Amino acid sequence: GIQVEQSPPDLILQEGANSTLRCNFSDSVNNLQWFHQNPWGQLINLFYIPSGTKQNGRLSATTVATERYSLLYISSSQTTDSGVYFCAVGRNTGANSKLTFGKGITLSVRP
Amino acid sequence: EPEVTQTPSHQVTQMGQEVILRCVPISNHLYFYWYRQILGQKVEFLVSFYNNEISEKSEIFDDQFSVERPDGSNFTLKIRSTKLEDSAMYFCATSLAGAEQFFGPGTRLTVL
């Protein structure tokens, strides 16, 4: 199956700093999503980004599908950004469209 | 904004008991999934469901697990005889066309 590697595994930032989270995947995909898992365990959709670049407020993401990686940028980080960030990928072939998750990146933003 | 809902939020059960986890998908979505996350680990795919049948399942999804959509609304995951290692957060996800998936808040299952 598809392998998903996320780096770095842990990240500690001072409030206001910027960061880049990386997701590498081992095979061609046509589905890529970034999630934020909050302290209550909920998975919050950040981006659906199988290719290209998107921005949403202080967050933006870029996927270069041909080179099999995606980047999540967090600018002017806030303490509420803390949590685990997951990248998940899939090959949508109609009825078969499961997501394979990476192990996540644990982000701690300190005041 | 429509969202996926799951009940209960937390279920505690004794080993060997049956549990049913419930999900209400976003109303016009056609693809349904269950995932689980053991504490501190990554999210793992269990099963996908489309057109009233299982379309794909993982090795985790053995004979102890089953899914159904009994009334065209709820989407359920049943574990027939729970084991200690079934303790995890279970997420339901739904998709309109098998692309972007939307996740529910999860059910935390604790097996004692």
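Give me the strands (runs of 3 or more DSSP E) completely within region A:5-52, filtered to those with at least 3 residues that are open to solvent by 20 Å² or more (accessible area, probe 1.4 Å), ordered by residue number.
A:10-14, A:19-25, A:43-48
All but one of (1) within 14 Å of chain B (Cβ to nearest Cβ); (2) surrounded by fewer than 16 Cβ atoms within 10 Å (Cβ to Cβ); (3) on the phi > 0 side of the Ramachandran plot hold for residue A:83; which doesn't?
Single failed check for residue A:83: (2).
Given the criteria open to solvent by less than 40 Å² (accessible area, probe 1.4 Å), at the interface with chain A (Cβ under 9 Å from one of its Cβ atoms) and of a type in the set (Ser, Thr, Tyr), does residue B:35 qualify?
When the stated conditions are applied, residue B:35 passes them.
Might you let me know whether region A:96-108 holds any residue that is of a type outside the set (S, T, N, Q), more than 30 Å from residue B:51 (Cα to Cα) and more than 14 Å from chain B (Cβ to nearest Cβ)?
Yes.
Can you give me the number of residues within region B:96-112 that are touching a residue at least 12 places away in the same chain (Cβ under 8 Å), within 14 Å of chain A (Cβ to nearest Cβ) and either open to solvent by less than 50 Å² (accessible area, probe 1.4 Å) or in contact with a Lys or Arg (Cβ under 6 Å, 6 or more places away or on another chain) (or both)?
Counting residues in region B:96-112 that are touching a residue at least 12 places away in the same chain (Cβ under 8 Å), within 14 Å of chain A (Cβ to nearest Cβ) and either open to solvent by less than 50 Å² (accessible area, probe 1.4 Å) or in contact with a Lys or Arg (Cβ under 6 Å, 6 or more places away or on another chain) (or both) gives 9.
Quick check on residue B:82: is it more than 11 Å from chain A (Cβ to nearest Cβ) and touching a Gly at 6+ places or on another chain (Cβ under 9 Å)?
Answer is yes for this residue.
Of the numbered conditions (1) without any contact (Cβ under 8 Å) to a residue 40 or more places away in the chain; (2) open to solvent by less than 50 Å² (accessible area, probe 1.4 Å); (3) not aromatic (Phe, Trp, Tyr), residue B:93 satisfies every one except a single condition; which is it?
Condition (1) is where residue B:93 drops out.
Pick out, from region A:61-111, the strands (runs of 3 or more DSSP E) lying fully within it that include 3 or more residues that are without any contact (Cβ under 8 Å) to a residue 60 or more places away in the chain and in contact with a strand residue (DSSP E or B) (Cβ under 6 Å, 6 or more places away or on another chain).
The qualifying strands (runs of 3 or more DSSP E) are A:69-74.
The values are calculated or read from the model by the stated rules, or taken from the named source; none is laboratory data. These figures come from a predicted structure and were not determined experimentally. Glycine also receives a Cβ, built like all others from the backbone with ideal geometry; neighbour counts cover every protein chain displayed. Surface accessibility is based on the protein's heavy atoms, side chains included, excluding ligands, DNA and RNA. Shrake-Rupley method; radii C 1.70, N 1.55, O 1.52, S 1.80 Å.
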